[in-house]
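The values are calculated or read from the model by the stated rules, or taken from the named source; none is laboratory data. All of these numbers come straight from a predicted model, not from anything done at the bench. Cβ sites come from the backbone with ideal geometry, for glycine too, and all protein chains shown count toward neighbours.
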């Protein structure tokens, strides 16, 4: 019997068998607007598990430290136990979502350079936007840690923009979380959580069709098909399995 440590909106965390490890279980639950909107999307957890495994492995290949160790089964990953930094980092390449609402920017405007924004991880406060000064003054991260977080975020954006583009997907924006990994009194800043259509905005390169959780947020329908489309393009879902999806849509 696994010992549950924490249950969030999209995942359950269990204590791992090895020291300083956690088992991350991906649920089918979909939430939006800080849990105000909820639904279940069958198979979403499986797809996100496989997509996140692929991306975290690619990041490891280019020496970007992250918590992923290995996938255990269809819904679970073994990850390093991290001391989570209470900040959400959002990297924006194209104007959409809250950026458009806050600033009145035209939807779909390609930004002259990526924008990095910080939000406090606090559902009760609706994850308020914060500045670098807030992070330093309130000791959520040190100046050196923040520099590492920004540098890693920029590197991930550079890599993923090209990686998704090669699969005819536009990386609009995405959210990262970070934590401190301690080993023999040495600390490393690592990427935590997941990277999937749950926390990336992904648009088709030709049509700008949305292939992410915005389909759920905005009641656009075909949420599961969009996730499967991403999985198929990334090679996570086989052509045979994807053809079943298309057949069921007819």
Can you say whether residue 151 is farther than 17 Å from residue 198 by Cα, outside the structural domain of residue 63 (by TED's automatic domain parsing), free of Cβ contacts under 8 Å to residues at least 12 places away in the same chain and assigned to a strand (DSSP E or B), as far as the supplied structure shows? no
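Would you confirm, using the coordinates I've provided, whether residue 166 is closer than 17 Å to residue 58 by Cα, out of contact with any strand residue (DSSP E or B) (no Cβ under 7 Å at 6 or more places or on another chain) and at pLDDT 95 or above? Walk me through how you get there before you give the answer.
Values: closer than 17 Å to residue 58 by Cα: yes; out of contact with any strand residue (DSSP E or B) (no Cβ under 7 Å at 6 or more places or on another chain): yes; at pLDDT 95 or above: yes.
When the stated conditions are applied, residue 166 passes them.
Which of the following residues is within 15 Å of residue 91 (Cβ to Cβ), crowded, with 18+ Cβ neighbours inside 10 Å and within 16 Å of the chain's Cα centre (by Cα): 171, 234, 146, 211? Don't jump to the end; show me each part of the working.
On the way: 234 fails: within 15 Å of residue 91 (Cβ to Cβ); 146 fails: within 16 Å of the chain's Cα centre (by Cα); 211 fails: within 15 Å of residue 91 (Cβ to Cβ).
Step by step, each of 171, 234, 146, 211 is checked, and only 171 is within 15 Å of residue 91 (Cβ to Cβ), crowded, with 18+ Cβ neighbours inside 10 Å and within 16 Å of the chain's Cα centre (by Cα).
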Which count do you get for residues in the stretch 212-228 that are farther than 29 Å from residue 22 by Cβ and either assigned by TED's automatic domain parsing to the domain that holds residue 70 or outside any helix (DSSP H, G or I) (or both)? 5
Taking residue 164 as meeting all but one of (1) within 18 Å of residue 192 (Cα to Cα); (2) surrounded by 17 or more Cβ atoms within 10 Å (Cβ to Cβ), write down the number of the exception. (1)
Scope the stretch 96-138; condition exposed (fewer than 10 other Cβ atoms within 10 Å of the Cβ) and in contact (Cβ under 8 Å) with a residue 60 or more places away in the chain; matching residues: none
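Give the number of residues within the stretch 80-95 that are part of a strand (DSSP E or B) and without any contact (Cβ under 8 Å) to a residue 60 or more places away in the chain.
So the answer is 1.
Test residue 90 against the stated conditions and say whether it is at pLDDT 95 or above, crowded, with 19+ Cβ neighbours inside 10 Å and assigned by TED's automatic domain parsing to the domain that holds residue 159. Steps first, please.
Values: at pLDDT 95 or above: yes; crowded, with 19+ Cβ neighbours inside 10 Å: yes; assigned by TED's automatic domain parsing to the domain that holds residue 159: yes.
Taking the combined requirement at face value, the residue satisfies it.
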Output yes when any residue across the stretch 14-36 is farther than 24 Å from residue 122 by Cα and modelled with pLDDT under 90, and no when none is. no
Out of curiosity, is residue 156 surrounded by fewer than 11 Cβ atoms within 10 Å (Cβ to Cβ), at pLDDT 95 or above and at negative phi? no
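Here are 195, 189, 156: which of them is within 22 Å of residue 99 (Cβ to Cβ), touching a residue at least 60 places away in the same chain (Cβ under 8 Å), touching a strand residue (DSSP E or B) at 6+ places or on another chain (Cβ under 8 Å) and not in a helix (DSSP H, G or I)?
When all the criteria are applied, what remains is 195.
Is it the case that residue 194 is surrounded by fewer than 20 Cβ atoms within 10 Å (Cβ to Cβ) and either at pLDDT 95 or above or not assigned by TED's automatic domain parsing to the domain that holds residue 117 (or both)?
On the way: surrounded by fewer than 20 Cβ atoms within 10 Å (Cβ to Cβ): no; either at pLDDT 95 or above or not assigned by TED's automatic domain parsing to the domain that holds residue 117 (or both): yes.
Considered against the rule, which asks whether it is surrounded by fewer than 20 Cβ atoms within 10 Å (Cβ to Cβ) and either at pLDDT 95 or above or not assigned by TED's automatic domain parsing to the domain that holds residue 117 (or both), residue 194 comes out as no.
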Only one of these conditions is not met by residue 56: (1) over 14 Å from the mean Cα position of the chain (by Cα); (2) not assigned by TED's automatic domain parsing to the domain that holds residue 194. Which number is it? (1)
